[in-house]
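The values are calculated or read from the model by the stated rules, or taken from the named source; none is laboratory data. All figures in this text were calculated on a predicted structure; none of them were measured in a lab. Note that we place each Cβ from the backbone using ideal geometry, even for glycine, and neighbour counts take in every protein chain shown.
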Amino acid sequence: MSDSGDSDVAWTYYKDRPEWRDVTPVPEDEGPNFVVVIAHSEKFVDVYDYFRAILQNNEKSERALHLTKDAVELNPANYTVWQYRRDILKSLGTDLTSELEYVEAVIKNSPKNYQVWHHRRVLVEWLQDPSLELELTRDALMQDPKNYHAWQHRQWAIKTFGLYDREMDFVDNLITEDVRNNSAWNQRYFVVNNHLGWSDLNVQKEICYALEKIKFIKNNESAWNYLRGVLLHDKRSISGNAVVISFCEELYKNKCRSPYLLAFIIDICDEAIKKGETSCLHNATRAVELCQALAGKYDKIRSKYWNYLCEKFKKSQQEEENNKDTENNITEQI
Amino acid sequence: MNNYEENKIMAHRQHVKYFMRFLNVLPSSLSSHDTTRVTIAYFAVSGLDILGAISTMTLDLRSRIIEWIYRLQVHPNKENGDMSMCGFQGSSTVNIDLQENNHFRCGHLAMTYTGLCILLALGDDLSRVNRKALVEGVKALQTEEGNFAATLSGCESDMRFVYCAACISYMLDDWSGFNIERATDYIIKSIGYDYGIAQCPELESHGGTTFCALATLSLTDQLDKLSEQQVEGLKRWLLFRQVDGFQGRPNKPVDTCYSFWVGASLKILDTLQYTNYGSNRKYVYETQDTVVGGFSKWPDTCTDPMHTYLGLAGLSLIGESGLLEIEPTLNITKRAYNHLKSVHVKWQNE
């Protein structure tokens, strides 16, 4: 972060301001053993010497409020300054609308700063007015659609004040713009989970949505993960949903070898084995084959992992064959 | 920038110098790190430790750092004995007597945690740490939800500080300030539909917060609270973060720091051996600056102490030669960890 304001021609140090003559600046007390020293600019030193003074004097005035603005401009990560600024705002009964505008401007300059977003959240809590939050976070997400701070603030505002109404449209647009935006997929789950609910109809709708997007780009982990997430709410789980299974097998037949597809079919096999519901398509032998294909060709970077899973499935395969033998023996005996 | 052939050798000497510079004087462009100088010192000292270079620091420098850290310790209120603000501050920005505003002079969990790491790496015996007070300071920051705020003076609470609180409690060998049940509940609620773990419930799964959560479960001996499905899902999610190096979230670019965050998470789950060490190593080396030392998050970008430290820690996890072994849960060297264990024995015998 750059040290802003040093080139300000019109800047006057606090120590040279007549209206501050009654305040004695308090220098930082580094002690005798300083390490990791930051060679702050003269302006920084001046502003923080006066900040320490007003904090010590517990001065809550207009000029102190202004001083905190200079202090956070020099270091927006100073949580003490932000907290003291809030104390002053409260004590002066300042109009918080202008503070919202101010913090919005700071967020635009430092969109990945924890303290600024926290300040914003406290203001919204004080005002109990979230009417600007969706727009604010939308703007931040336009700049960076995966900004974690913006998503966190947005989810908080939506959850606290029940602002779900148009969120699905927002999510839809983001996914349309970039189908690989994992944050947007996560938000989709958030909306269904908290607002629309996982009714049978919604589960089927969301499955279709995910499949549609996978058809469009097959090698997209975000869409595959979402599909799994939705299936957590399907009573038939991943091995029992005929639509999903035929979709996967169709892709496989059409030569798609995306690691996400193969991993998904492996999981279908795994579940079928655990439930004792294996079929000619989904069984340990198939899982072994797929693990080998991933390890040897389609996902070499994780070959050790696929080989490890392969060994596990080989044991199940052995059991399957033993069972078959037993069945045959029984048939013969009959 | 050098090509890969030149770059794949550890610029050991340059990294030592690099960290030494950060322990000295930093340019004014780093003013936004003013309140978190202890974390920079942690990256430098612990980085030197991984490089096996603590002994190359002069005794004077080592003792200056130790004294500086102790000076940042906030002690109980002299009048009423209140310990809720106790911990380490990150710098001397507001380490003065603030009279009626004295609640602004308070510890910060990330600074307390990294401050203790520095003391351990430098071989201090923690005898001047006010253990009872630090534990009370931790206790004051746990929320109803089970997570932790970083500090008393107006701060967000999330998974990062759950981890810092767990490390502090572990290092002080005292869990009375940390409600394990509530923290575990918070962690489990923060597991996503893709089995990764987020900063708070329902947010997007993230490599850094997944590490914080898993390391906490390991330090509190609660890993068995995860179901088999959750563990297998987590392993898969973490393993899929490898592209060549590691990314922090699906469909995001690879970044040097995740070789540690994701690597250590996998190590905790005893699964790191299923990753591809060669590709991981190659990526991290591509972000090395062999001329002035340091690692950056991406090739050909600016180095910084955090990525330098985490790059080295990530390489250490996969057994890079010339580096000391790392203890993944506390993110300190095994050497510092063994020292901690000897301090614990001493306390137990007191």
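Table for the structure above
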read-out: Test: residue in the range A:16-27 that is farther than 24 Å from A:VAL116 by Cα, more than 7 Å from chain B (Cβ to nearest Cβ), aliphatic (A, V, I, L, M) and crowded, with 18+ Cβ neighbours inside 10 Å; value: yes
read-out: Some residue of the range B:53-73 being over 22 Å from A:ALA77 (Cβ atoms) and among the aromatic types (Phe, Trp, Tyr); value: yes
read-out: Considering residues of the range A:171-200 that are more than 15 Å from A:TRP224 (Cα to Cα) and touching a Lys or Arg at 6+ places or on another chain (Cβ under 7 Å) only, the residue surrounded by the most Cβ atoms within 10 Å (Cβ to Cβ); value: A:VAL171
read-out: Residues within the range B:254-284 that are surrounded by fewer than 24 Cβ atoms within 10 Å (Cβ to Cβ) and among the aromatic types (Phe, Trp, Tyr), tallied; value: 3
read-out: Qualifying residue in the range A:311-323 (condition: in contact with a Phe, Trp or Tyr (Cβ under 8 Å, 6 or more places away or on another chain) and surrounded by 12 or more Cβ atoms within 10 Å (Cβ to Cβ)); value: no
read-out: B:GLY123 vs. criteria more than 14 Å from chain A (Cβ to nearest Cβ) and either surrounded by fewer than 24 Cβ atoms within 10 Å (Cβ to Cβ) or more than 14 Å from B:ASP174 (Cβ to Cβ) (or both); value: yes
read-out: Residue, nearest to A:ASN283 (Cα to Cα), within the range A:217-241, restricted to residues that are surrounded by fewer than 17 Cβ atoms within 10 Å (Cβ to Cβ) and modelled with pLDDT of 95 or more; value: A:LEU232
read-out: Condition met for B:PHE246 (within 12 Å of chain A (Cβ to nearest Cβ) and either surrounded by 19 or more Cβ atoms within 10 Å (Cβ to Cβ) or acidic (Asp, Glu) (or both)); value: yes
read-out: Every residue from the range B:57-80 that is modelled with pLDDT under 95 and not acidic (Asp, Glu); value: B:ASN77, B:LYS78, B:ASN80
read-out: All positions within the range A:118-148 that are acidic (Asp, Glu) and surrounded by 18 or more Cβ atoms within 10 Å (Cβ to Cβ); value: A:GLU133
read-out: Qualifying residue in the range A:299-307 (condition: out of contact with any Pro (no Cβ under 8 Å at 6 or more places or on another chain) and within 22 Å of A:GLY240 (Cβ to Cβ)); value: no
read-out: Given (1) under 19 Å from the mean Cα position of the chain (by Cα); (2) touching a residue at least 40 places away in the same chain (Cβ under 8 Å), index of the condition B:PHE104 fails; value: (1)
read-out: Members of the range A:103-117 that are part of a loop (DSSP other than H, G, I, E, B) and within 20 Å of A:VAL47 (Cβ to Cβ); value: A:SER110, A:ASN113
read-out: Residue count, the range B:139-163 (criterion: in contact with a Phe, Trp or Tyr (Cβ under 7 Å, 6 or more places away or on another chain), more than 12 Å from chain A (Cβ to nearest Cβ), crowded, with 24+ Cβ neighbours inside 10 Å and not in a loop (DSSP other than H, G, I, E, B)); value: 2
read-out: Residue check, B:SER63 within 13 Å of chain A (Cβ to nearest Cβ), on the phi < 0 side of the Ramachandran plot and touching an Asp or Glu at 6+ places or on another chain (Cβ under 6 Å); value: no
read-out: Of all residues making up the range B:79-131, the number that are outside any helix (DSSP H, G or I) and not hydrophobic (A, V, I, L, M, F, W, C); value: 22
read-out: Hits in the range B:38-50 - residues which are in contact with a strand residue (DSSP E or B) (Cβ under 7 Å, 6 or more places away or on another chain) and at the interface with another protein chain (Cβ under 10 Å from one of its Cβ atoms); value: B:VAL38
read-out: Residue ID - farthest from the other protein chains (Cβ to nearest Cβ), chosen from residues in the range B:76-94 that are polar (S, T, N, Q) and either closer than 23 Å to B:MET306 by Cα or free of Cβ contacts under 8 Å to residues at least 60 places away in the same chain (or both); value: B:ASN80
read-out: Filtered residues of the range B:249-272 (kept if over 22 Å from A:TYR226 (Cβ atoms), of a type in the set (S, T, N, Q) and within 12 Å of another protein chain (Cβ to nearest Cβ)); value: B:THR271
read-out: Wholly within the range B:172-240, helices (runs of 4 or more DSSP H) carrying at least 3 residues that are over 30 Å from B:HIS339 (Cβ atoms) and at pLDDT 95 or above; value: B:180-189, B:228-239
read-out: Failed item, numbered, when A:HIS282 is tested on (1) more than 14 Å from chain B (Cβ to nearest Cβ); (2) assigned to a helix (DSSP H, G or I); (3) crowded, with 20+ Cβ neighbours inside 10 Å; value: (2)
read-out: Elements of type helices (runs of 4 or more DSSP H) in the range A:41-102, at least 1 residues being in contact (Cβ under 8 Å) with a residue 40 or more places away in the chain, among the acidic types (Asp, Glu) and under 20 Å from A:GLU19 (Cβ atoms); value: A:62-74
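So that you can scan it fast, the table gives a plain yes or no per residue for (1) more than 9 Å from chain A (Cβ to nearest Cβ); (2) surrounded by 22 or more Cβ atoms within 10 Å (Cβ to Cβ):
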site	(1), (2)
B:LYS8	yes, no
B:SER29	no, no
B:GLY52	yes, no
B:LEU59	yes, no
B:VAL74	yes, yes
B:ILE96	no, no
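Listed here are the residues, each with its yes/no results for (1) in a loop (DSSP other than H, G, I, E, B); (2) without any contact (Cβ under 8 Å) to a residue 24 or more places away in the chain; (3) farther than 21 Å from A:LEU211 by Cα.
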position	(1), (2), (3)
A:SER246	no, yes, no
A:TYR252	no, yes, no
A:ILE266	no, no, no
A:ARG286	no, yes, yes
